[in-house]
Each structure stands twice: as structure tokens, then as C-alpha cells.
């Protein structure tokens, strides 16, 4: 049997001819690559993704506070924002039901989030900015908060089976 080389030509379809792929499909592809691989990635990669999720949640928190003027609403800070955080975490980083069923997992998540947030409040209350400067103290406290949250979420709420 002989193999022959044959020239081919390719002309991609235009949108008028029925081109189906759009830029949003590229974003979906990136999401699914992260979704199907993040939960089994190295902890350092998970920490980076968790930090991005945390920043996104804080942005949503800030926007809602600004729009709704919720300066003193504890339920918002300790229930709604943790639920938003939980939603992003289970849709990007970890898998629901890793150790607990849903009726235990969500209250446990909210409880852990609230306890760590309370400690963050204590840090702010006893203002460590005298030692490090105002901007540095915010960065230090938020970094500690992110790492503590990540450790509790990874090893208590969503441990590997």
C-alpha cells in the first residue's frame, strides 16, 4: 500500500455562514478546565484560586454594602456573604459533599466563616497598625484571614475522602 501526500485547503466559516464559536466559549473552556482540575490540584494552586474567590466575594460584599447601605447588618455579614463565598467555592474549587451532607456542610461553613471573621474583627479592634502602618496592617490581617479560611475549608469542611 502506498501513501500519497495530498494538499488540502481550509477556509473557516464566517458568522454569516454559521460560525458557532464565540469569545464566551473560550471563557467557558477556561472555567471547565479549572472546575475539573482545581479540587485535585496542589494546595498552593488551590490557595491562589481561593484568594481570587475571596477577593471576588469581598468585591460583591463592598458593592452590596454601597448599594444597600447595610452598615450595621450582622445577618448580611455573617450569613449572606458566607453563602456567596460557599457558592463560588463549590462551583470553582471544591466539591459539595466531600465529607458532610449538605444540611451539615452549609451551617458548618457559615459557623467557621463567622468565627474567623470575628477574630478578624478582634485584630481590627486592637489595631495592629501602630506596629506596621495602616495599609500594611490591613494587608497582614486580610492575608491571615485568607489563609485561616483556606485551612479550615480545605481540611475541615471539604477534606479529601
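No value in this document is a laboratory result; all are computed from the given coordinates. Just so you know, these numbers come straight off a predicted model, no measurement behind them. Every residue, glycine as well, gets a Cβ built from its backbone with ideal geometry; the counts of neighbours run over all protein chains shown.
Ranking 109, 121 by Cβ neighbours within 10 Å, fewest first, what do you get?
So the residues, fewest neighbours to most, are 121, 109.
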Could you order peptides 27-33, 43-49, 5-11, 110-116 by the average number of other Cβ atoms within 10 Å of their residues, highest first?
-> 110-116, 43-49, 27-33, 5-11
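Given R₀ = 30 Å, FRET efficiency for residue 32-residue 10 by Cβ-Cβ distance, to 0.05? It would help to have the intermediate numbers written out before the result.
Working: r = 26 Å, r/R0 = 0.88.
Taking R0 as 30 Å, the efficiency between residue 32 and residue 10 is 0.70.
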Measure nothing but the geometry: give the 0 to 90° angle between the long axis through the Cα atoms of 23-37 and the longest principal axis through the Cα atoms of the chain, rounded to 10°.
-> 60 degrees
For residue 40, placing the label point 7 angstrom along Cα-to-beta-carbon and taking the stretch 137-161, residues whose amide nitrogen sits under 14 Å are 160-161
What ranking do 13-24, 77-88 get when scored by the average of other Cβ atoms within 10 Å per residue, highest first?
-> 77-88, 13-24
Label assignment, mean projected area of the Cα convex hull in nm² derived from the structure, set (i) 25.6; (ii) 18.1; (iii) 9.5 | (ii)
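Okay, helix-only estimate at 222 nm for the chain: each DSSP H run of n ≥ 4 adds -39500 (n - 2.57), divide by all residues, round to 500 deg cm²/dmol; what do you get?
So the calculated ellipticity at 222 nm is -20000 deg cm²/dmol.
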